[in-house]
Amino acid sequence: MSKENEISTIRISKKAKKILDELGTLSDTYETVIVKLAEHYKRCEKVKK
């Protein structure tokens with residue numbers, strides 16, 4: 001298994017779970033939503049500079 005495909009377990013609060021549920025669609029996994037958020041954050045950081 002490559003490093004890119006390693007799976008880690010994280011704990012999230014009920015508040016965070018609720019927010020992730022609202023952001024994602026039924027076919028999205030938490031991983032998909034988190035990756036989308038991280039990519040969005042990176043784009044916003046580039047715009048700020």
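The values are calculated or read from the model by the stated rules, or taken from the named source; none is laboratory data. The shown structure was predicted, so the numbers you read here are calculated from the model rather than taken from an experiment. Every residue, glycine as well, gets a Cβ built from its backbone with ideal geometry; the counts of neighbours run over all protein chains shown.
Limited to segment 1-36, what total is found for residues that are in a loop (DSSP other than H, G, I, E, B), modelled with pLDDT under 80 and of a type in the set (Asp, Glu)?
1
Please identify the pairs in which a residue from segment 10-23 that is within 16 Å of Lys36 (Cβ to Cβ) and free of Cβ contacts under 8 Å to residues at least 24 places away in the same chain has its Cβ atom under 6 Å from the Cβ atom of a residue that is part of a helix (DSSP H, G or I) and of a type outside the set (A, V, I, L, M), counting only partners at least 6 apart or on another chain.
Every condition considered, the pairs that remain are Leu20/Tyr30.
On the given criteria, is Glu39 exposed (fewer than 10 other Cβ atoms within 10 Å of the Cβ), modelled with pLDDT of 80 or more and part of a helix (DSSP H, G or I)?
no
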